[in-house]
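The values are calculated or read from the model by the stated rules, or taken from the named source; none is laboratory data. These figures come from a predicted structure and were not determined experimentally. Here the Cβ is made from the backbone with ideal geometry for all residues, glycine too, and neighbour counts use every protein chain on show.
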Amino acid sequence: MKKECVTMLLAGGVGTRLGLLTKNLAKPAVPFGGRYRIIDFALSNCLNSRMHTVGVLTQYSPLELHKHIGVGKPWDLDRMEDGLTILSPFTEKDGGSWYLGTADAIIKNKNYVERYDPEYLIVISGDHIYHMDYDALLNHHKEKEADVTISVVEVPWKETSRFGILNTTDNLRIYEFEEKPTNAKSNLASMGIYIFNWKVLKGYLEEDAKLQESKHDFGQNILPAMIADNLQLYAYRFDGYWKDVGTIESYWEAHMDLLKEDLSLSLNNNEWRTYSHDSNFAPQLIEETAVLHHSLVNNGCIVSGKLDHSILFENVYVDEGSVINQSILHPGVRVGANVFLERVIVQENVTIPDGSKIAASKNEEPIVLSNSNLKAVTI
Amino acid sequence: MKKECVTMLLAGGVGTRLGLLTKNLAKPAVPFGGRYRIIDFALSNCLNSRMHTVGVLTQYSPLELHKHIGVGKPWDLDRMEDGLTILSPFTEKDGGSWYLGTADAIIKNKNYVERYDPEYLIVISGDHIYHMDYDALLNHHKEKEADVTISVVEVPWKETSRFGILNTTDNLRIYEFEEKPTNAKSNLASMGIYIFNWKVLKGYLEEDAKLQESKHDFGQNILPAMIADNLQLYAYRFDGYWKDVGTIESYWEAHMDLLKEDLSLSLNNNEWRTYSHDSNFAPQLIEETAVLHHSLVNNGCIVSGKLDHSILFENVYVDEGSVINQSILHPGVRVGANVFLERVIVQENVTIPDGSKIAASKNEEPIVLSNSNLKAVTI
Amino acid sequence: MVRLLKGVFRIDTMMGLINLEHEHDFLNELTYFRCGAAVPFAGRFRMIDFTLSNMAKSNISEVAIFTRNKYRSLMDHLGSGADWDLDRRHGGLFILPPDWNDPTDISKGDLSHFHNNRDYFERGKSDYVLISGSQFISNTVYQQLFEHHLETGADVTLLTTTYQDLLPEHNGCIKVKVAEEGSVASLTNDPKNPHVFSGVYVIRKSLLLELVDECIADYKNHFFMDGIKANLNRLTIQSYHYDGYSSIINSVDSYYRQTMALLETKSYKQLFSDGEHVLTKVGNQAPTKYSGESKVTKSLVATGCVIDGEVDHSVLFRGVKVSEGAVVKNSVIMQRCTIEPGARLENVIMDKDVTITKDQVLKGAKEQPFVIAKRRKI
Amino acid sequence: MVRLLKGVFRIDTMMGLINLEHEHDFLNELTYFRCGAAVPFAGRFRMIDFTLSNMAKSNISEVAIFTRNKYRSLMDHLGSGADWDLDRRHGGLFILPPDWNDPTDISKGDLSHFHNNRDYFERGKSDYVLISGSQFISNTVYQQLFEHHLETGADVTLLTTTYQDLLPEHNGCIKVKVAEEGSVASLTNDPKNPHVFSGVYVIRKSLLLELVDECIADYKNHFFMDGIKANLNRLTIQSYHYDGYSSIINSVDSYYRQTMALLETKSYKQLFSDGEHVLTKVGNQAPTKYSGESKVTKSLVATGCVIDGEVDHSVLFRGVKVSEGAVVKNSVIMQRCTIEPGARLENVIMDKDVTITKDQVLKGAKEQPFVIAKRRKI
């Protein structure tokens, strides 16, 4: 059955820079925003953009991730003809190999893509926080009659050295791609979201697969080769909120962003909802002694303490006399009485004893708290 | 959430001896019986035995298999707390490796099993045709207070050299396991269906994982080690129909068995139904000139020719004047006019031109027909 | 605007509505306990499957059903809509039985469905509504009808078709006279006009609700007759001509005739073109088993049957058992019937779960098949 | 036999039946358009969720619901039953509205449900039926009740509980006097007896159908009263005592009281023990957002709320907006209500989608809360 467009969602990353958060968990499955997992944003974008044919490429510690995704029901991706398909590494008659890079992961699933005989392939990543209409991106791609369209976002000039920067002509044609340049000529950073004409891409992927020395990566190998061949690569400017939550610092920042009043991304936006599994806990119980400011709180919480700029996932208890500042408490956390937390990310089911003090100073990376380091980080 | 029993269904086999049938397809996904895939029998047994916590271990060419299984809806295995989980190979912080053997596949998914903290682990295989109540097996295991229970079936004495043979005492305690013995002392063959006390098994698997020279296989390594240690291993006699469809000959035979009137396994048994996905083709149209004897025919077929001892999957056309004997036609096959087939297995969507003659003689292995060998085998 | 770049029409701005209010319970014994839409048809389907599948395959993602009576078996059949890919977070299937409690309600006929479900229509995001009954049997998608509607800018667009051989069932239909460029000039019951209105039409939702209000204020009781046909001069009404295979079933006579018509290979291939187009409730039957004694000719046979006897020019639904020596001719045998050895049936329509005992003989006429209610043992 | 090896009871031989026939529409404005079972309760649930979840968590895999009126919102809520893990090939959820057409039917009251669904009961494989209403709110599983029933060999086993403080809502309940070993000696309306029948009981299906037939033949209209209570001497009736947290809700008064009771931490933890026991329709709300100005104390708050104002001793359902300067006290505010700046509410029960405009003040009494119907703007 032919489909105009197939979406490939890269969800196999190890997320090394997230430390403890990804110890036994694929990065896209890391809890986010009080009730979601990171991948929910990309999947909800698919639903809201009416992208119905989605392959999810997984490889690293996928048990929780697969359980979360299932057949894609929360995102209306459980469909008869297409819908969501999980694409894990596999073996064939001549053995198998792991996904070696982003490009390699796509070409190893050529059979999946070609089942739908698509004109276009969208490649997105499962570890960014943003609301984006991929259909608008696709229309831009068609209008420009491009071979490749790369979604870009303006970043502050001083941060350009942290990103893959695209240099374009006035009409957004890309003539150069610079990975983390020291003297950037542009502040348009790639968001890692690409649309390709499938036939064109397939040729490049097949060539690249033969190259022993290639990293089989879109940014490092495929796109530079296409630019060198003078293909039609265009940039598409995205001007909403977008955040790569690839480090503990940025993961924490993205949460603080969610608490801002004027953020362009809102979890309460009825026109662009973010979908996930729902838990069955009772509504949160806010006690007599509770004070809650600038905070997000989910079902099943019992709050007797004081929250400021904090986020409580489902089923978190905060006892009397405790003060939680700028912290993120994952599901099932139990905070005893008279605890003080600041800039702390507490992992699932950790119990913090009465009177504990745990804080990261403003210049430090926020502390990720698990049962293993609980004693070590308590002041 | 604790579950008494977890079932692990081994579905990663390459099925080398099925030749063309498993060229791009995992063996459990091979079509069977006019509308099923081989794995449907094991999954339906789980449903009918009320085994609700099922891990399906896949590795080889799993795209079709995963699509077929989904979240297990046809087998009522789409459940909130447990249900069906596909367990493909994956990587962890220290890299990953493929499933090296049946035992290795289980221990690599220790996290999955321990999530349910089970007393018992049932290991079954996705490539046998049989109706069996695993709950009765489990009760037998409990009654005997066994460490391990192995389901066995009596085979003709002259065939014992093809099987793994269990030598037991009168009360079915196993004292010896012989792989394909030339002079068998018993005709009780292992069906590859085991129940273990999980705690006991885990110890053996962890030890085995450390052994460089081990094949990490239940039959070759784990069970012999347990027998050597004098554990309580018992046999459970199964006296229904059971067939390992591991070769083309046995795959064909199992189909011919289905056509027998007195077979203990019946696809029309309302007490033990075999579940699968349903297609949406119209009912079969039997034309004026058709003759159908001893045959199974599925939806969407149009039959004008003559069938004898044959099985038509959905959407197969057999034109006028054609004679189909002892053959199996997979979905979408088109048989032209005046064709003669005998002992042929025709693969999906193959079109056989008018007047073709393809036949295997009684002593030959049945012919597997694909587009690639169509010309070569036509007489 | 629904028209996007490069001629892409967004059919997800249109919802489907299957209105069963004014359909008669036409099938005697077979519609004592179920509405016409739930009557089994063509060996494994129900009447409503054809319309519902056309909607689903057109990528219409929200479908509502107006039903007043005998809807239980319809509800059982449709379930959550999953089998039509309509169990969705967004949209999906809405069966709307008459459970309303507004003491001030003065609406009648199908207008009371519209009135009492006004919230539902207002909440939905669709701009257009495709309305259909369940008696027009076809295999199509509605994209082109919708495009035609948008391109002509009409208020209402009717799906019409032409039957060269007019049959009794077409007498009950509205006939369409078309002026230049597809515009509808008149809607009558002219028995000689071969241009038949299928009962399928597209209308803007806001106009639909406006016309509903007018009709209710005027104590009317039939939306199409009073809201559309009566306003033929005021509204711009277009027709879109469908020329694929179709049939209209609104009587025992037409049910039997149109069932038998499907035994013709050409009709069968036309109605069931496109492989798995017609969706229905998932079953779990084994392939049908033909024994060494079976003799089956020119018949439509569903799965799960076991055939030891003789079947000719007949339709067997799922799980029918025809025993040795039994003969079934020119008959329609529904789910799980058992025909015992030596029994003979001719020109019979038999509802499900009937057992015909050994050597029993039943014979109806071609013009008047013998209809047998369910769960009998005869 | 249902008793297997080593004390394993096979609860899958028991089906659930939620009988709403004799429940009153007790909640004034809130039950004009929905039955009591569909009334929102405890911030994110509906009344029926508690009984249904108890059944689902007991591994009862088939549940039927008898309903006669105002069941649309119940159907919307329950959908396919998937949210209770009851969308199954085997068993599952069966909502049975009164769509029947038997002209010879003389049955009345809930007996007409049994009569007209006789096929359904006969077809099912369960040997036992657990019957319940929707007004007994508890968090339990029924395994032990079932085991007690089997072990005593009783004809019927009633689930009873004891309320030391008798409240007005208990007046409407049947009180149980227990003889030796749990055997029921009498069923009366004694206002001073603290042993209350919960409305939950277990009975063998074959006996149930037998008693139904007797009742119908005798022109009765209430299965429990006429079939069981009236046969107290003939049947062996056991009681099984439940001593967990529970409440009975059958009036505005008890609804309000039992809602407010859940603000006590101890009651909350008892009713919602076991984490995710009480299942309900899946929503998609963001976590609730508290601004820098919010002041919330002793309240139950669902997700999707945005709180800028003051909330005290109140229950907020999903998606409620409390604007700056607004004050909500001792109130129950249902889904998607908006309280505009400066508005003050006290002792109010507000149905969903209501908007309270700027600076509006509404105040009911504790003994008589002010109930506001849905979709108003005040």
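What the table shows:
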quantity	calculated
Flag for D:GLU310 being farther than 16 Å from A:LEU292 by Cα and in contact (Cβ under 8 Å) with a residue 12 or more places away in the chain	no
Evaluation of A:GLN220 against (1) touching a residue at least 40 places away in the same chain (Cβ under 8 Å); (2) in contact with a helix residue (DSSP H, G or I) (Cβ under 7 Å, 6 or more places away or on another chain); (3) polar (S, T, N, Q); (4) within 29 Å of A:HIS131 (Cβ to Cβ) (one fails), failing number	(2)
Single residue of D:SER80, D:SER134, D:SER126 found to be out of contact with any Phe, Trp or Tyr (no Cβ under 6 Å at 6 or more places or on another chain), part of a loop (DSSP other than H, G, I, E, B) and under 25 Å from C:ASP353 (Cβ atoms)	D:SER126
Subset of region C:13-22 (residues that are outside any loop (DSSP other than H, G, I, E, B) and in contact with a His (Cβ under 8 Å, 6 or more places away or on another chain))	C:ASN19
Scope region A:275-304; condition more than 7 Å from every other protein chain (Cβ to nearest Cβ) and within 21 Å of the chain's Cα centre (by Cα); matching residues	A:SER276, A:HIS277
Residue within region A:324-333 that is within 11 Å of another protein chain (Cβ to nearest Cβ), assigned to a loop (DSSP other than H, G, I, E, B) and buried (at least 18 other Cβ atoms within 10 Å of the Cβ) present	yes
Count of region A:16-27 residues which are closer than 10 Å to A:GLY246 by Cα and touching a Leu at 6+ places or on another chain (Cβ under 7 Å)	1
Residues located in region B:93-145, provided they are closer than 19 Å to B:GLY219 by Cβ and free of Cβ contacts under 8 Å to residues at least 24 places away in the same chain	B:LYS108
Answer residue from region D:23-49, given it is outside any loop (DSSP other than H, G, I, E, B), within 14 Å of chain A (Cβ to nearest Cβ) and of a type in the set (D, E, K, R) and is farthest from D:MET350 (Cα to Cα) among those	D:ASP49
Qualifying position, being touching a residue at least 40 places away in the same chain (Cβ under 8 Å) and within 11 Å of chain D (Cβ to nearest Cβ), among C:SER73, C:SER61, C:SER80, C:SER53	C:SER73
Filter result (of a type outside the set (A, V, I, L, M), in a loop (DSSP other than H, G, I, E, B) and surrounded by 14 or more Cβ atoms within 10 Å (Cβ to Cβ)) within region C:161-189	C:TYR163, C:CYS173
Qualifying position, being modelled with pLDDT of 90 or more and within 20 Å of C:HIS77 (Cβ to Cβ), among D:ILE60, D:ILE131, D:ILE65	D:ILE65
Within region C:62-108, considering residues that are hydrophobic (A, V, I, L, M, F, W, C) and touching a His at 6+ places or on another chain (Cβ under 8 Å), the one surrounded by the most Cβ atoms within 10 Å (Cβ to Cβ)	C:PHE66
Per-region count, region C:253-285, residues among the acidic types (Asp, Glu) and in a helix (DSSP H, G or I)	1
Residue that is at pLDDT 95 or above and under 23 Å from C:GLN285 (Cα atoms), where the choices are B:VAL291, B:VAL335, B:VAL344, B:VAL323	B:VAL291
Residue within region B:348-358 that is in a loop (DSSP other than H, G, I, E, B), within 30 Å of B:LEU47 (Cβ to Cβ) and of a type in the set (D, E, K, R) present	yes
Those helices (runs of 4 or more DSSP H) lying entirely in region B:59-120 with at least 1 residues within 11 Å of chain A (Cβ to nearest Cβ)	B:63-69, B:110-114
Answer from C:ASP218, C:ASP213, C:ASP190, C:ASP243 - the residue that is under 26 Å from the mean Cα position of the chain (by Cα), farther than 22 Å from C:VAL141 by Cα and assigned by TED's automatic domain parsing to the domain that holds C:VAL63	C:ASP190
Criterion violated by C:PRO287 - all others in (1) within 30 Å of B:HIS294 (Cβ to Cβ); (2) under 17 Å from the mean Cα position of the chain (by Cα); (3) within 10 Å of chain B (Cβ to nearest Cβ) satisfied	(2)
Residue ID - nearest to the other protein chains (Cβ to nearest Cβ), chosen from residues in region B:121-138 that are small (Gly, Ala, Ser) and closer than 28 Å to B:PRO31 by Cα	B:GLY126
Selection count where residues are aromatic (Phe, Trp, Tyr) and modelled with pLDDT of 95 or more, scope region C:20-57	3
Hey, D:LEU345 buried (at least 18 other Cβ atoms within 10 Å of the Cβ) and not in a loop (DSSP other than H, G, I, E, B) or not	yes
In region A:11-48, the residues that are surrounded by fewer than 20 Cβ atoms within 10 Å (Cβ to Cβ), in contact with a helix residue (DSSP H, G or I) (Cβ under 9 Å, 6 or more places away or on another chain) and in a loop (DSSP other than H, G, I, E, B)	A:VAL14, A:ASN24
Selected residue (criterion: surrounded by the fewest Cβ atoms within 10 Å (Cβ to Cβ)) from residues of region A:250-286 that are closer than 20 Å to D:GLY292 by Cβ and charged (D, E, K, R)	A:ASP262
Residue tally, condition in a helix (DSSP H, G or I) and either over 19 Å from the mean Cα position of the chain (by Cα) or polar (S, T, N, Q) (or both), over region C:224-240	7
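For every residue, the table says whether it meets (1) crowded, with 20+ Cβ neighbours inside 10 Å; (2) in contact with a Leu (Cβ under 9 Å, 6 or more places away or on another chain).
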{"position": "C:SER294", "(1), (2)": "yes, yes"}
{"position": "C:SER314", "(1), (2)": "yes, yes"}
{"position": "C:ALA326", "(1), (2)": "yes, yes"}
{"position": "C:LYS363", "(1), (2)": "no, yes"}
{"position": "C:GLU367", "(1), (2)": "no, no"}
